[in-house]
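*Asks:* Starting off with a structure, shown below.
The values are calculated or read from the model by the stated rules, or taken from the named source; none is laboratory data. In this text the structure is predicted, and so the values were computed from the model without any measurement. Cβ: placed from backbone, ideal geometry, glycine included. Neighbour counts: every protein chain shown. Just so you know, the surface numbers come from the protein's heavy atoms only, side chains and all, with ligands and any DNA or RNA stripped out. Shrake-Rupley method; radii C 1.70, N 1.55, O 1.52, S 1.80 Å.
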Amino acid sequence: MTRRFTPEGILALVTLVSVAFFRTEPSHNEWAHWAPAVSWLRSGSWAIDAWADRETIDWSEYGGHRYSNKAPGLSMLAVPVLAALPDDPKRAFPVANLLLNGLPAVAMAVALFRVARSLVPDDRVAFVTAGAGALATMSLPFATAFYQHQPVASACAERVTSRSLVIAAPERTPSGTRTRFPNVAPPSSLRRK
């Protein structure tokens, strides 16, 4: 029995390998997301006093302590990931980034492929379209950096694409013309006479 790789599987693998290969070293902006998670595990506090001047410039002072001035969502997601990884934050960073940003990028690429395939039945066109969306847009740089952009964009894309798959099923209009959007008749110029 021969195994055939599906276009979705190839796209997922190429996206994941690309995210892992093109990873970046953490910048001051990424440390503003990463430092609170490290601090929480080490001291039970979100204060980033140990990293504020050395690793990041994105902090605010309150009550004599320095805190990241970034939204805490990604930091909170990083805590359990960081707890399962080595104690050295710089070694754990690439793995955590791959899990928290790379996997959402893969999910978004696969979702784009499914929408493209529902609109154009040719897998090659859907593959190129989704591949371009995953690898030739800002999706790739944001998936390689520890920002909240990619997980949020992936969640939005999943929501939009799940809705698109529902409305993109081919259906016949009352006049007999096929349309990809149920309950939407094609323009009168496209109707058959």
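*Asks:* If you find the alpha carbon centre of the range 1-38 and of the range 65-129, how far apart are they in angstrom?
*Replies:* 7
*Asks:* Now a separate question. Leaving out ligands, DNA and RNA but keeping every protein chain, what accessible area does LEU119 have, in Å² rounded to the nearest 10, with a 1.4 Å probe?
*Replies:* 70
*Asks:* Just in the range 1-87: which chymotrypsin sites (Phe, Trp or Tyr not before Pro) are loop by DSSP and have at most 11 other Cβ atoms within 10 Å?
*Replies:* Counting only loop positions with at most 11 other Cβ atoms within 10 Å, the chymotrypsin sites (Phe, Trp or Tyr not before Pro) in the range 1-87 are PHE5.
*Asks:* Rg and Dmax of the range 1-65, Cα atoms, in Å?
*Replies:* 19.3, 66
*Asks:* Treating only the Cβ atoms of Lys and Arg (+1) and Asp and Glu (-1) as charged, compute the dipole magnitude of the range 1-50 about its Cα centre; round to the nearest 20 debye.
*Replies:* 320
*Asks:* Taking the Cα-to-Cβ direction at VAL81 and at VAL120 and moving 7 Å from each Cα, how far apart do the two end points lie in nm?
*Replies:* The two pseudo-label positions are separated by 3.2 nm.
*Asks:* Now for a separate question. How much length, in nm to one decimal, is gained on full extension between ASP88 and ALA50, taken as 0.36 nm per residue of separation minus their Cα-Cα distance?
*Replies:* Going from the current span to full extension adds 12.2 nm.
*Asks:* If you roll a 1.4 Å probe over the heavy atoms of the protein chains, what accessible area per residue do you get for the range 1-112, in Å²?
*Replies:* Counting only protein heavy atoms, the per-residue value for the range 1-112 is 57 Å².
*Asks:* Between VAL128 and SER60, how high is the FRET efficiency from 1/(1 + (r/R0)^6) when r is the Cβ-Cβ distance and R₀ = 45 Å? Nearest 0.05.
*Replies:* Efficiency, rounded to the nearest 0.05: 0.50.
*Asks:* Can you list residues from other chains, or at least 5 along the same chain, whose modelled amide H is less than 5 Å from the amide H of ARG66?
*Replies:* ILE48, ASP49
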